[in-house]
């Protein structure tokens with residue numbers, strides 16, 4: 001029988017994946033309409049940067065917990081569904097957050113080089 005810590009790792013990775021993907025989606029849903037409709041300077045809008053940092057940290061930590069939970073549950077013969085869901089959510093959040101970060105850095109480059 002598997003230890004409770006095996007399932008707790010999977011659940012923790014899944015919860016962190018949900019938090020990370022929600023912060024990434026908040027980031028995308030706030031950034032695009034504001035840039036298109038209002039045209040604000042995104043360098044001065046700090047809640048977006050905070051969402052990016054929280055999403056990135058949760059995705060990295062959640063990915064670590066999900067992989068550990070998957071390997072431990074697999075070794076104990078337990079189902080690995082929650083760990084796989086956590087891995088998928090964390091990878092999606094990581095991709096979305098890194099894409100936003102790359103766009104921001106590219107904007108900074110063009111802002112200071114022009």
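The values are calculated or read from the model by the stated rules, or taken from the named source; none is laboratory data. Bear in mind the structure is a predicted one, so any value in this text is a computation, not a measurement. Backbone-built Cβ (ideal geometry, glycine too); neighbour counts: all protein chains shown.
In the set 32, 11, only one residue is part of a helix (DSSP H, G or I) and either at pLDDT 70 or above or on the phi > 0 side of the Ramachandran plot (or both); that residue is 11.
Just to be sure before I move on: is residue 60 buried (at least 21 other Cβ atoms within 10 Å of the Cβ) and in contact (Cβ under 8 Å) with a residue 24 or more places away in the chain in the structure I sent? Here the answer is no, as residue 60 does not meet what is asked.
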